[in-house]
Amino acid sequence: MKTENEKKKDETTDGSRRRPGCLKAWIEAMRLRTLPASASGVLAGVAVAVQRGHFDWLPALLCLLFALAAQIGSNFANEYYDYRDGLDKPGREGFRRGVTEGDITPLAMHRATAIAFGIAALIGCSLIYWGGWWLVLAGIFILIGALSYSAGPFPLSRNALGEIAVVVFYGLIPVGFTFYLQTGYFSYDDFAAGLAVGLMSANILIVNNYRDHDDDLAVNKLTTAVVFGRNAVAWAYLLDGFIAVALTLGMWLSAGTVTLVFPALYLIAHVCLWRHLRANEGRRLNPVLGMTAMLMLLFVVALLIASVIDFTPAVS
């Protein structure tokens, strides 16, 4: 039988019982609302390749699985290391953190991080068949980057470099390498599309940091919102969306002027989300984070559809 003190320790700050290792806690830890960032990068790379007359479904699928596994591993690592270093507190404004709230043990999260990265590494190795052995170095760089976001001597997320890391690892790299594995070369178009997707992905993190400003400031976590202020990052959020559309404008025009309705609709929704961001705080911003991610995914899916419409077989 548990003592009264032990029972109290088994309760989270909101009065609910701990659920060690339960499926819901692990699903929350994966942060499904943010996974469109990984999918969008790969789909954008496919879209650019399709416009160039190339598509190979198997490496594209493996790129998608690699990206998802790497992001889940990064999300697990972020939760584990933020808890270990005392940066997460029970009852935080954002989504529930399983380790901090006692739903998942730190050891289990540490092991899950290793498993997720191990799966990503295995999938990445399979891509050597299409891209060559030099992809091993690229894979090591990606996995180190995913870890250095939250861990190491200079964690990027705690030194106002989180958004830059997101632009690189959720935009430039997945779009560029997905395109390369379809075509065998890099181009300006995949760079522009990668930068666009990276900026859209950075907006997900901006919402997160905007929401958590007070919590992060209290533990001296130097996010961009803490360093530059909420007002500055809110304007960055708005600007990122417009720059992303400008960067992909050539692709939309290539598919026909009628497709410009999609980026126009994106900008309307983007401005609405920005207004909601400025008008709310705390947990009321959680839906904005999820909708920012879904809006990016819808934008990229529309771009892929437009590219398929514009498809011209490659000349051999």
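Candidates are the residues of the stretch 62-72 that are under 18 Å from LEU172 (Cα atoms) and not small (Gly, Ala, Ser); the one that is surrounded by the fewest Cβ atoms within 10 Å (Cβ to Cβ) is LEU65.
Within the stretch 272-297, the set of residues being among the polar types (S, T, N, Q) and not in a loop (DSSP other than H, G, I, E, B) comprises ASN286, THR292. Determine if the stretch 251-263 includes at least one residue that is within 22 Å of the chain's Cα centre (by Cα) and assigned to a loop (DSSP other than H, G, I, E, B). The answer is no, given that none of the residues of the stretch 251-263 is within 22 Å of the chain's Cα centre (by Cα) and assigned to a loop (DSSP other than H, G, I, E, B). When GLY132 is tested against the conditions (1) at pLDDT 90 or above; (2) of a type in the set (Gly, Ala, Ser); (3) under 20 Å from the mean Cα position of the chain (by Cα), the lone failure is (3).
Return yes when ALA70 is within 20 Å of ALA37 (Cβ to Cβ), of a type in the set (Gly, Ala, Ser), touching a residue at least 60 places away in the same chain (Cβ under 8 Å) and part of a helix (DSSP H, G or I) and no when it is not. Can you show your working first?
Values: within 20 Å of ALA37 (Cβ to Cβ): yes; of a type in the set (Gly, Ala, Ser): yes; touching a residue at least 60 places away in the same chain (Cβ under 8 Å): yes; part of a helix (DSSP H, G or I): yes.
Here the answer is yes, as ALA70 does meet what is asked.
Within the stretch 73-86, the residues that satisfy the criterion of being of a type in the set (Gly, Ala, Ser) and either buried (at least 19 other Cβ atoms within 10 Å of the Cβ) or in a helix (DSSP H, G or I) (or both) are GLY73, SER74, ALA77. Looking at the stretch 21-39, is at least one residue modelled with pLDDT under 85, over 25 Å from ASN280 (Cα atoms), part of a loop (DSSP other than H, G, I, E, B) and not hydroxyl-bearing (Ser, Thr, Tyr)? Yes, the stretch 21-39 contains at least one residue that is modelled with pLDDT under 85, over 25 Å from ASN280 (Cα atoms), part of a loop (DSSP other than H, G, I, E, B) and not hydroxyl-bearing (Ser, Thr, Tyr).
Hey, could you check the stretch 87-113 for residues that are in a helix (DSSP H, G or I), among the aliphatic types (A, V, I, L, M) and touching a helix residue (DSSP H, G or I) at 6+ places or on another chain (Cβ under 8 Å) and say which is farthest from VAL136 (Cα to Cα)? Break it down stepwise before answering.
Step one: of the stretch 87-113, the residues in a helix (DSSP H, G or I) are 98-101, 106-113.
Checking the rest, the ones that are also among the aliphatic types (A, V, I, L, M) come to 99, 107-109, 112.
The next check asks that each one be touching a helix residue (DSSP H, G or I) at 6+ places or on another chain (Cβ under 8 Å); those that pass are 99, 109, 112.
Values: VAL99: 32, MET109: 26, ALA112: 22 Å.
In this case the residue turns out to be VAL99.
Within the group ALA151, ALA192, ALA165, which residue is of a type in the set (A, V, I, L, M), part of a loop (DSSP other than H, G, I, E, B) and surrounded by fewer than 24 Cβ atoms within 10 Å (Cβ to Cβ)? Break it down into steps so the answer makes sense when it comes.
Numbers: ALA192 fails: part of a loop (DSSP other than H, G, I, E, B); ALA165 fails: part of a loop (DSSP other than H, G, I, E, B).
Exactly one residue qualifies, and that residue is ALA151.
What residue, of ALA225, ALA269, is without any contact (Cβ under 8 Å) to a residue 40 or more places away in the chain, in a helix (DSSP H, G or I) and touching a Leu at 6+ places or on another chain (Cβ under 6 Å)? Show your work before the answer.
On the way: ALA225 fails: touching a Leu at 6+ places or on another chain (Cβ under 6 Å).
Of ALA225, ALA269, the one residue that is without any contact (Cβ under 8 Å) to a residue 40 or more places away in the chain, in a helix (DSSP H, G or I) and touching a Leu at 6+ places or on another chain (Cβ under 6 Å) is ALA269.
Considering every residue within the stretch 201-209, establish whether at least one is at pLDDT 90 or above, more than 21 Å from the chain's Cα centre (by Cα), in a helix (DSSP H, G or I) and within 30 Å of ASP56 (Cβ to Cβ).
Of the stretch 201-209, the ones at pLDDT 90 or above are 201-209.
Restricting the remaining residues to those that are more than 21 Å from the chain's Cα centre (by Cα) gives none.
No, the stretch 201-209 contains no residue that is at pLDDT 90 or above, more than 21 Å from the chain's Cα centre (by Cα), in a helix (DSSP H, G or I) and within 30 Å of ASP56 (Cβ to Cβ).
The values are calculated or read from the model by the stated rules, or taken from the named source; none is laboratory data. Here the structure is a predicted model, which is why all the values come from computation and not from measurement. Backbone-built Cβ (ideal geometry, glycine too); neighbour counts: all protein chains shown.
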